[in-house]
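Chemist: My questions all concern the structure below.
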């Protein structure tokens, strides 16, 4: 996410409570001094490098992700060191020798303490977005996932997982927004193809 997106007055959710958007005259906090400043810079630098590499391939990136809904709450994740960044569904890039389902299972096992018990294919998303000057295109395949536990903990220090109450889900900053909206309004169960164009 670019520094412009990070400072935008997006709604944020922490501990299932939505903070109100910043007012137009709000003061945007400065980056912390000391070692945390270096961590934020490193994260931005790595993310910039990642998206530059994806854009340089000039082919769509294929991603597989899981939608988990339990007791009217949706499982999402975000970088642990940046609570203002957007949320995402757990998933990852499709790799050689994978099937969609093996990649999905591997991502949950690598990133969380949970295992996938069942996965049902839902839909495909053509996700077009900009990162700085680069146009990125991803083909994303989404599954409805059932896990073996609800007490989810991260296995990776740079990620945290959260349960967002379904009635508030449409108000969070989750990308792609078209998928967030489909989950929020319930149409994710009947959609088969979604196109997300750049803002």
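Just so you know, all these numbers are worked out from the coordinates, no wet-lab data involved. It should be emphasised that the depicted structure is a prediction, and the values quoted were computed from it without experimental measurement. Every residue, glycine as well, gets a Cβ built from its backbone with ideal geometry; the counts of neighbours run over all protein chains shown.
Chemist: Based only on other Cβ atoms within 10 Å, what is the fewest-to-most ordering of 90, 59, 152?
Modeler: Ascending Cβ contact count within 10 Å gives the list 59, 152, 90.
Chemist: What order do you get for 94, 143 when you list them from fewest to most C-beta neighbours inside 10 Å?
Modeler: 94, 143
Chemist: What distance in nm separates the two pseudo spin-label positions at residue 81 and residue 190, each 7 Å out from Cα along the beta-carbon direction?
Modeler: In this crude label model, residue 81 to residue 190 measures out at 4.5 nm.
Chemist: Report P(r) for the range 88-193: all Cα-Cα distances, bin width 5 Å, range 0 to the bin holding the largest distance, values in whole percent.
Modeler: 2, 10, 19, 22, 25, 16, 5, 1, 0
Chemist: For a quick check: sort 133, 173, 148 by the number of other beta carbons within 10 angstrom, fewest at the front.
Modeler: Placing the least packed residue first, the sequence is 133, 148, 173.
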